[in-house]
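Asks: Sharing a structure here in structure tokens format.
The values are calculated or read from the model by the stated rules, or taken from the named source; none is laboratory data. Predicted model, so just to flag it, every value in this text is computed and none were measured. Cβ placement follows ideal geometry from the backbone for every residue including glycine, while neighbour counts extend to all protein chains displayed.
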Amino acid sequence: MKKLLLHVCCGPCSPYVLEKLRTAGFQVTGFFCNPNIQPFREYEFRRLEVARLAEKLAWPVVFAPYDMMEWFAAVRGLEREPERGRRCPVCFRFRLSKTMLHARANGFDVVASTLSISPYKSTAQVNEQGLDLAREFGVGFLAENFKKRDGWPAARERAAELGIRHQDYCGCVFSKAERLLHLRK
Ligand code: SF4
């Protein structure tokens, strides 16, 4: 059975993807690495939701450190980019490179991410970064598009069954500001 390290962006996106990968025969460990989430209170909320889920689904999950300053340094100069613009691939790369590092150090065969389940994210941007990092780290990357074949509504339904709510912005302060501006219009 192949050992897969799944980068987990949040609770509601995870159960559907986890169950799909388990059905496909992978032994899945989660890796919650999201210092892009601000403010810290929201980060804690999302982290605890994943911890609750992990217990419920008998799922091992590793929680990476919350290095917000390192994340801000990575996206410096891209603050005014819209969601799905040039800041997001840098953000994906940041989180996926930490996942790759952990995977390589701990003998995982392949890395995947829940990120492509969201209709608000570009699957091409996620997979481009993942495949490039796979070459750099020498660990496989599963370039999936989990939203295809009605993956997104199915993921929402599964999250609702488990009592996990979807958040109303992607994660960073810039996406939160964009969301607030959109609501004001
Ligand atoms: S909008 Fe989302 S993916 Fe893009 S930089 Fe912010 S947190 Fe990262």
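Asks: Could you pull out the residue among GLU144, GLU136 that is among the charged types (D, E, K, R), outside any strand (DSSP E or B) and over 20 Å from GLY30 (Cβ atoms)? Steps first, answer last, please.
Replies: Numbers: GLU144 fails: over 20 Å from GLY30 (Cβ atoms).
Matching residue, one of GLU144, GLU136: GLU136.
Asks: State which residue is farthest from the ligand (Cβ to nearest atom) when the search covers only the range 97-129 and only residues that are of a type in the set (A, V, I, L, M) and within 19 Å of LYS2 (Cα to Cα). Please lay out each step first, then the result.
Replies: In the first step, residues of the range 97-129 are kept if they are of a type in the set (A, V, I, L, M); the result is 100-101, 103, 105, 110-112, 115, 117, 124, 126.
Of the ones still in play, those that are also within 19 Å of LYS2 (Cα to Cα) are 100-101, 103, 105, 110-112.
Working: MET100: 17, LEU101: 19, ALA103: 20, ALA105: 24, VAL110: 22, VAL111: 17, ALA112: 17 Å.
Checked the range 97-129; the qualifying residue farthest from the ligand (Cβ to nearest atom) is ALA105.
Asks: Next up: Working carefully through the options GLY77, GLY30, find the one that is away from the ligand (no atom under 14 Å from the Cβ), free of Cβ contacts under 8 Å to residues at least 60 places away in the same chain and out of contact with any His (no Cβ under 7 Å at 6 or more places or on another chain). Write out each step before concluding.
Replies: Working: GLY77 fails: away from the ligand (no atom under 14 Å from the Cβ).
Only one candidate qualifies: GLY30.
Asks: Can you pull out the residues in the range 123-158 that are of a type in the set (Gly, Ala, Ser) and either within 20 Å of VAL110 (Cβ to Cβ) or at pLDDT below 95 (or both)? Break it down stepwise before answering.
Replies: Just the residues of the range 123-158 that are of a type in the set (Gly, Ala, Ser), to begin with: 124, 130, 134, 138, 140, 143, 151, 154-155.
ALA124, GLY130, ALA134, GLY138, GLY140, ALA143, GLY151 - these are the residues of the range 123-158 that are of a type in the set (Gly, Ala, Ser) and either within 20 Å of VAL110 (Cβ to Cβ) or at pLDDT below 95 (or both).
Asks: If you check ALA51 against the conditions, is it within 12 Å of the ligand (Cβ to nearest atom), over 20 Å from SER118 (Cα atoms) and out of contact with any Asp or Glu (no Cβ under 8 Å at 6 or more places or on another chain)?
Replies: Working: within 12 Å of the ligand (Cβ to nearest atom): no; over 20 Å from SER118 (Cα atoms): yes; out of contact with any Asp or Glu (no Cβ under 8 Å at 6 or more places or on another chain): yes.
Judged against the criteria, ALA51 is not a match.
Asks: Between residues in the range 158-185 that are within 13 Å of the ligand (Cβ to nearest atom) and residues that are assigned to a helix (DSSP H, G or I), which pairs lie under 6 Å by C-beta distance while being six or more apart or on different chains?
Replies: Here the result reads TYR169/SER175; TYR169/LYS176; TYR169/ARG179, each pair linking the range 158-185 to a residue that is assigned to a helix (DSSP H, G or I).
Here is a yes/no grid of residues against (1) hydroxyl-bearing (Ser, Thr, Tyr); (2) under 18 Å from CYS13 (Cα atoms); (3) under 12 Å from the mean Cα position of the chain (by Cα):
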{"residue": "ARG86", "(1), (2), (3)": "no, no, no"}
{"residue": "CYS91", "(1), (2), (3)": "no, yes, yes"}
{"residue": "ARG95", "(1), (2), (3)": "no, yes, yes"}
{"residue": "THR99", "(1), (2), (3)": "yes, yes, yes"}
{"residue": "SER116", "(1), (2), (3)": "yes, yes, yes"}
{"residue": "ASP132", "(1), (2), (3)": "no, no, no"}
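Asks: For the range 120-157, give me each residue that is touching a residue at least 24 places away in the same chain (Cβ under 8 Å) and among the polar types (S, T, N, Q).
Replies: SER122, THR123, GLN125, GLN129, ASN145
Asks: Now, a different point. Would you check if there is a residue in the range 59-67 being surrounded by fewer than 21 Cβ atoms within 10 Å (Cβ to Cβ), part of a helix (DSSP H, G or I) and either of a type in the set (A, V, I, L, M, F, W, C) or modelled with pLDDT of 95 or more (or both)? It would help to see each step written out before you state the result.
Replies: Filtering the range 59-67 for residues surrounded by fewer than 21 Cβ atoms within 10 Å (Cβ to Cβ) gives 59-67.
Still in the running and part of a helix (DSSP H, G or I): none.
No, the conditions are met nowhere in the range 59-67.
Asks: Something else about it: Consider the range 108-119. How many of its residues are free of Cβ contacts under 8 Å to residues at least 40 places away in the same chain and surrounded by fewer than 18 Cβ atoms within 10 Å (Cβ to Cβ)?
Replies: First pass over the range 108-119, keeping only residues free of Cβ contacts under 8 Å to residues at least 40 places away in the same chain: 116, 119.
The next check asks that each one be surrounded by fewer than 18 Cβ atoms within 10 Å (Cβ to Cβ); those that pass are 119.
Looking only at that region, the number is 1.
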